[in-house]
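Report on the following structure.
The values are calculated or read from the model by the stated rules, or taken from the named source; none is laboratory data. Because the structure is predicted, anything quoted here is derived from the model rather than measured. Counting neighbours? That spans all protein chains shown, and the Cβs are built from the backbone with ideal geometry, glycine included. With ligands, DNA and RNA removed, areas are computed over all heavy atoms of the protein, side chains included. Shrake-Rupley method; radii C 1.70, N 1.55, O 1.52, S 1.80 Å.
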Amino acid sequence: MNFDELFLEELAAPTKNAVVGGPFGSNLVSKDYAPEGIPVIRGQNMGGRWVGGEFVFVSSVKADSLSPNKARPGDLVFTQRGTLGQVAIVPGSPYSEYIISQSQMKVTLDSTKADVNFLYYAFQSPEQLEYIKNTAIQTGVPHTNLGILKKTPLRIPSLAAQRQIAAVLGALDDRITLLRETNATLEAIAQALFKSWFVDFDPVRAKMEGRAPEGMDEATAALFPDALEKSELGWVPKGWRVLPIGDAVEATGGATPDTKNPAFWTPAVHCWTTPKDLSGVAAPVLLDTERKLSDQGLSKIGSGLLPVGTLLLSSRAPIGYLAVAHVPLAINQGYIAIPPGGLLPPLYMLFWCRQNMESIKARANGSTFMEISKKAFRPIPALIPPDQIVNAFAEVAGALFNRLVKNEKQAQTLSTLRDTLLPRLISGQLRLPDAQALLKETA
C-alpha cells in the first residue's frame, strides 16, 4: 500500500474557515447560553467517536454572529486545551450545525482527498497521540493551537484504502457500541425491577387492590404480602424488617501496601483495585485491575482476598462508583466492599446503593475530600424483605447480569482487537485482507 506524507491542512476543504478554532473568549460566555437553539460543542461532548452528550445552546442570532466557528456533520473536532488528544466526528443528526467552544478546533475535510472516518482513527493511533503530546504548549494549562494542528504530519493512503481501513475499524466500534447499548438496557431493566418491588412496592399495591401483580408468576406473587404497615422508613410491606445496613451485610475496607517496597508488588499475582479502576468502566462489573500484589503484599491487607461477586462501592475520590468483582481481589482504602454471604446479596446491594446514593453521600464528611466511612455507612436503615423475595429478585437480576458480563467481556475483547489492529492498519504494516479475515473470525 502506498502512502503520501501530507500535513493536515493539505487535506482540508478548499473553503473559508475549513480549519478554525473556537470564538474569542468574550464572544461566547455562559450568559449567551439559551434553553434551545444551536448546540455548542464543549469538552464534555468529546471523548467518543461521535460528538454527543448533553449540550448547551445559543440562539440562532448568536450562532450567526459566530458563523466562522460553526461545525457541521462530517467535520472533525479536536480538543485545543483540556484533555489533549481527543478527536470526534460531528454526526449527521440530530443537528445540522454546531458552534465550537473556545477549547475546541474543527477541520472540514476535502472529501476528494480524505475520509473523515480514516482521519478519526489516524488521530487515535499511538503515533499521533505521541505527536500531540510532544507538540503541546506547556505554558499554563497544556494546550495546542491551530498552527500546530494544521502542520500535523500524516501518512495517507489512497481514498479507497482509507475507506476500507475505516470500515474494518468502524465495524469493530459499531459492535462494541451495540454490546454496550444492550448492557445499558439490561441494567435499566434490573434497576426498574428493583424499584418496582422494593421501592414502589407494586406487587403489594396490586394485591391490596385485588389485582394480580404484573410480570410475575403466581408462585412469586404469593411471596408478597397484601398490606402495608408503618415503619421508621414510612409505609412498607407488612412483615418486612428494617435494620441498619451494617447488620444485614458485611462492609469491609482495604489498604495500600508500601508502594516503594517492590516485594509487595512483585511478582504481580493478586488483583488489587483502587477506585481508579472503576472510573472508565462501561458496565458495573470489574473484570481485571490495573495493579496486582505479590503474596507478601496481600498479607498487608487485613480484608485479604475478597471473593468473586463482591460489590465494590468507592467511598472517596469520588463516592459512588459501583461494580461487582468478577475476579478475586484485594482493595485499597478507597472502597467499602460488600462480599457475598449477608442477608442481602451483592447484586441486590448494587441496586440498593444506586437507589440510596444521595443518602449515602449525605453521610460523607472530610476536609480534603468527602468520604463515606464504614462507621457512617453501617447505620443507614435498610428495608429487609423476606429471603424468598430477595432470592427471587436475585434470580431474575442475576440472569440479566450474566448476559451483561458476557457482553462486557466480548466488548473488551473487541476493544483489544481494535486497538491492536488500528496502528498496524493505519501504518500499512497489516494487509487489509488479513484484517478483514480477523474481523470475520470474531463475528
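Spin-label pair S303-A317: with each label point 7 Å from Cα along the Cα-Cβ axis, the two points sit 1.6 nm from one another. Across the protein chains, with a 1.4 Å probe defining accessible surface, the residues T108, T259 rank T259, T108 from largest area downward.
Positive-end ranking of T289, G304, N332 along the dipole of region 272-340, with charges on Cβ about the Cα centre, is headed by N332.
The overall shape of region 323-390 is oblate: from the C-alpha gyration tensor, with semi-axes ordered a ≥ b ≥ c, the ratio a/c is 1.5 or greater and a/b is no larger than b/c.
On full extension, the segment bounded by N134 and K31 gains 33.5 nm, given 0.36 nm per residue less the C-alpha separation. Shape class of region 87-151 from the Cα gyration tensor (axes a ≥ b ≥ c, square roots of the eigenvalues): oblate, since a/c reaches 1.5 or more and a/b does not exceed b/c. Summing Cβ point charges (Lys, Arg +1; Asp, Glu -1) relative to the Cα centre of region 211-361 gives a dipole of roughly 500 debye. The GluC sites (Glu not before Pro) of region 25-97 that meet both conditions, a loop assignment by DSSP and at most 11 other Cβ atoms within 10 Å of the site Cβ, are E36, E54. Note on region 1-97: Rg/Rh from Cα positions, Kirkwood definition for Rh, rounded to two decimals, is 0.99. Along region 255-272 the Karplus relation, 6.51 cos²θ - 1.76 cosθ + 1.60 evaluated at θ = phi - 60°, assigns HN-Hα couplings of 7, 10, x, 3, 6, 8, 9, x, 5, 7, 10, 10, x, 7, 10, 9, 4, 9 Hz to successive residues, with x for each Gly and Pro. Shape verdict for the chain, please, from the Cα gyration tensor: rounded (a/c under 1.5), prolate (a/b greater than b/c) or oblate. Cα axes put the chain in the prolate bin. The charge dipole of region 368-419, taken about the Cα centre with unit charges on the Cβ atoms of Lys, Arg (+1) and Asp, Glu (-1), comes to about 120 debye, rounded to the nearest 20. Each of L404, A376, A167 was placed along the dipole of the chain (beta-carbon charges, centred on the mean Cα), and the one lying farthest toward the positive end is A376. Charging the Cβ of each Asp and Glu at -1 and of each Lys and Arg at +1, and nothing else, the dipole of region 144-240 about its Cα centre rounds to 960 debye.
Mean separation of Cα pairs under 8 Å and 6 or more residues apart, divided by the residue count, gives the chain a relative contact order of 14 percent.
Across the options P68, F118, N134, the greatest Cα extent toward the positive end of the charge dipole of region 33-150 (unit charges at beta carbon of Lys, Arg, Asp, Glu) belongs to N134. Over 27 Å between Cα atoms, which of K31/K70; K292/K374; K106/K409 qualify? In this structure, K106/K409 lie more than 27 Å apart at Cα. Note on region 325-348 and region 187-260: Cα centroid distance 19 Å, given to the nearest whole angstrom. Multiplying the residue separation of N261 and V61 by 0.36 nm and subtracting their alpha-carbon distance yields 65.8 nm. Once the C-beta distance of V327 and K230 is scaled by a Förster radius of 51 Å, the resulting FRET efficiency is 0.70 to the nearest 0.05. For the chain, the per residue solvent-accessible surface stands at 48 Å², with DNA, RNA and ligands left out and a 1.4 Å probe. Note on the chain: with neighbouring protein chains present and a 1.4 Å probe, carbon and sulfur make up 52 percent of its accessible heavy-atom surface.
Here is the size of region 332-443 from its Cα atoms: Rg then Dmax, 22.0, 62 Å.
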